[in-house]
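We did not get these values from a lab; they are worked out from the coordinates using the rules stated. Keep in mind it's a predicted model, so treat the numbers as computed, not measured. Backbone-built Cβ (ideal geometry, glycine too); neighbour counts: all protein chains shown.
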Amino acid sequence: MHSARVWQVMFAVMVAASPVVVADGVAAVRETSLAAPVRSGDACPNGHVALTFDDGPDPVTTPQIVAALRDHGSRATFFMIGADAQARPDTVILTRAAGNEVGNHTYDHPFLDEQTEQQITDELTATTAILTGMGGPAPTLFRPPYGRSSDAVERVARRLGLTFVLWSYDSDDYEEATPEDMLDQAEKARDGDILLYHDRYQSTVDAVPLVLDVLDRRGICAGRVVPSTTPRQAWLDYDGPDKTYFDAVAGPW
Ligand SMILES: [Zn+2]
């Protein structure tokens with residue numbers, strides 16, 4: 001066999017056998033096509049907490065978060081904006097190839113509670129059409145921007161077969177929370193909780209490995225977002241009278 005051909009075969013075997021291949025160019029692309037073997041079972045005696053990242057895909061920070069998750073044997077859910085996904089299909093495909101889930105976060109991030117039922121429907125169906133086939137199936141999860149919802153929003157989501165997802169804890173990463181601040185919620189979160197981040201800040205990128213380490217120490221794995229038949233209270237830090245509920249929980253992948 002010609003030596004170049006031998007190298008090609010050896011390289012293919014190396015890529016297939018190793019979850020971490022440090023290289024650039026083609027090798028880097030192949031590296032990201034490998035889904036991490038996900039932590040499960042005995043590694044998660046205290047259950048699952050779901051990490052969710054809104055407002056991507058971002059060409060710089062999303063791949064960094066995907067790599068941090070993969071290096072840790074973990075996965076997360078990315079609620080993507082349809083218009084940005086349309087502009088960055090490569091980042092959507094990369095995110096899904098590492099085993100992560102992609103959810104619907106509307107086409108251009110409006111206040112859905114100020115829109116008509118037809119406008120809401122258009123926002124969600126356009127985004128589902130864009131995300132379907134970009135390295136994965138049609139999204140089944142939906143999160144309204146800013147958590148702003150209405151009866152019409154929930155009705156449309158139900159009609160389109162989308163699970164309505166809010167969050168248990170808000171990292172406040174969009175308000176310049178530091179990675180240390182973000183660890184506070186990782187310490188508090190319990191089995192089934194959902195944490196909100198945004199994959200467009202360097203501080204969030206820096207926080208992800210630290211958050212995963214905290215969950216590890218607590219015997220909790222980064223889980224998947226699954227529908228819940230029991231409504232779950234959103235933003236647990238809020239203790240006012242008008243509590244908000246949603247239809248999802250963190251569970252195993
Ligand atoms: Zn958002």
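In what sequence, highest mean first, do 116-122, 105-111 appear when ranked by Cβ atoms within 10 angstrom?
Top to bottom by mean Cβ count within 10 Å: 105-111, 116-122.
Based on a Kirkwood Rh over C-alpha pairs, give the Stokes-Einstein translational diffusion coefficient of segment 56-144 at 37 °C and viscosity 0.692 mPa s in µm²/s.
251 µm²/s
Calculate the dipole size of the chain relative to its Cα centre from +1 charges on Lys and Arg beta carbons and -1 charges on Asp and Glu beta carbons; express the result in debye to the nearest 20.
For this selection, approximately 1340 debye.
Over the chain, what is the relative contact order in percent, taking alpha-carbon pairs closer than 8 angstrom and at least six residues apart?
24 percent
Would you grab the residues whose amide H sits under 5 Å from the one on residue 102? Only those 5+ places off in sequence or on another chain, please, with H modelled 1.01 Å from N.
Residues meeting the amide H criterion: 78.
Tell me whether segment 46-251 comes out rounded, prolate or oblate; compute the Cα gyration tensor, take square roots of the eigenvalues as a ≥ b ≥ c, and use a/c under 1.5 as the rounded threshold.
Oblate shape, in that a/c is at least 1.5 and b/c is the bigger or equal ratio.
Which whole DSSP H helices in the chain pass both tests: a Cα extent of 18 Å or more along the axis and a mean Kyte-Doolittle value no lower than -1.0?
Span-like helices, by this rule, are 3-17, 117-131, 202-217.
Of the listed peptides 193-204, 216-227, what is their order by residue-averaged count of other C-beta atoms within 10 Å, with the highest listed first?
Packing order, densest peptide first, comes out as 193-204, 216-227.
Counting DSSP beta bridges with both partners in segment 139-253, what percentage is antiparallel, nearest 5?
About 60 percent, rounded to the nearest 5.
Stretch residue 244-residue 146 to full length: gain in nm at 0.36 nm per residue minus the Cα-Cα span?
Contour length minus the Cα-Cα distance gives 34.0 nm.
What is the sum of charges around residue 223, taking Lys and Arg as +1, Asp and Glu as -1, for the other residues whose C-beta is under 11 Å from the C-beta of residue 223?
Net local charge, residue 223 excluded: 0.
What is the packing order of peptides 178-189, 231-242, taking the mean over residues of other C-beta atoms within 10 Å and listing the highest first?
So the order, starting with the most tightly packed, is 178-189, 231-242.
Kindly work out what percent of the DSSP beta bridges joining two residues of segment 46-251 are antiparallel, to the nearest 5.
Antiparallel bridges: around 25 percent, rounded to the nearest 5.
Calculate for the chain the 222 nm mean residue ellipticity that helices alone would give, adding -39,500 (n - 2.57) per DSSP H run of length 4 or more and normalising by residue count, nearest 500 deg cm²/dmol.
-11500 deg cm²/dmol
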